[in-house]
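The values are calculated or read from the model by the stated rules, or taken from the named source; none is laboratory data. Predicted, not measured: the structure shown is a model, and the values here were computed from it. In this analysis, Cβ positions are derived from the backbone assuming ideal geometry, glycine residues included, and neighbour counts consider all displayed protein chains.
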């Protein structure tokens, strides 16, 4: 960003407030000027406070759901700490992720929003950078499947929430496993609160991974289980069946215990 643009944004922010820096206002300001090019991904990243991100994600969940909550928690903090070009992202776009995409209970919205933020600051279309981003995202997904969650308690919660292990990144499975463990119904206030905590927990861990990536200290902490690797041996690429492509925990949907084959 050139100095003229920086100074103008500072003046507008000081007089109108940061909230007024909408894309429409910026467009009006630069109607007669050649705008700076929005950079290609990955975008510059500044290490964030995971707790601050979690605390931002919890109320954001209640505003726009789990997908918005996780994305807003990370990108909102980057808007504050980095500014350009993050100020141009409408985080509301991730409201669609609520309840596993428009309430269809597919991919957990917290994972959806967090994965988008991770790719924005670590990935690219180029194969090598794409693979690097995917490794971080897979670590987030494996953590979600394997850990007892939520594992972050907001400072001012509405209820106290019990943790459970989902063994799946799917909203449907994750919610059902928690309902069985907690005894609460899927449309209860307690379940909604649980998803608020889960959104905060997921955004927090995503930022912890990004911070490690920024320090060149990222390592996979949640590898695929031996069960999943065994299943993939037959069902995934190169296997005798090769009729699936997944790294999800098979126990989340198909069976409990050792698979039985004819």
Q) Are any residues in the stretch 118-146 buried (at least 17 other Cβ atoms within 10 Å of the Cβ) and assigned to a loop (DSSP other than H, G, I, E, B), and if so, which ones? A) 123
Q) In this structure, does residue 253 turn out to be surrounded by fewer than 18 Cβ atoms within 10 Å (Cβ to Cβ), under 19 Å from residue 99 (Cα atoms) and modelled with pLDDT under 95? A) yes
Q: For the stretch 85-92, state whether one or more residues are out of contact with any helix residue (DSSP H, G or I) (no Cβ under 6 Å at 6 or more places or on another chain), assigned to a loop (DSSP other than H, G, I, E, B) and under 29 Å from residue 216 (Cβ atoms).
A: yes
Q) For the stretch 196-205, does any single residue satisfy the condition of being more than 19 Å from the chain's Cα centre (by Cα) and either farther than 22 Å from residue 68 by Cβ or assigned by TED's automatic domain parsing to the domain that holds residue 102 (or both)? A) no
(Q) When you scan the stretch 37-45, do you find a residue that is assigned to a helix (DSSP H, G or I), modelled with pLDDT of 95 or more and under 30 Å from residue 171 (Cα atoms), even just one? (A) no
Q) With respect to the numbered conditions (1) in contact (Cβ under 8 Å) with a residue 40 or more places away in the chain; (2) surrounded by fewer than 17 Cβ atoms within 10 Å (Cβ to Cβ); (3) out of contact with any helix residue (DSSP H, G or I) (no Cβ under 8 Å at 6 or more places or on another chain), which one is the sole condition not fulfilled by residue 81? A) (1)
Q. Just wondering, is there one or more residues in the stretch 157-172 that are over 24 Å from residue 225 (Cα atoms), without any contact (Cβ under 8 Å) to a residue 60 or more places away in the chain and either out of contact with any helix residue (DSSP H, G or I) (no Cβ under 8 Å at 6 or more places or on another chain) or assigned to a helix (DSSP H, G or I) (or both)?
A. yes
Q. Does at least one position in the stretch 232-240 carry a residue that is out of contact with any helix residue (DSSP H, G or I) (no Cβ under 7 Å at 6 or more places or on another chain), part of a loop (DSSP other than H, G, I, E, B) and exposed (fewer than 14 other Cβ atoms within 10 Å of the Cβ)?
A. yes
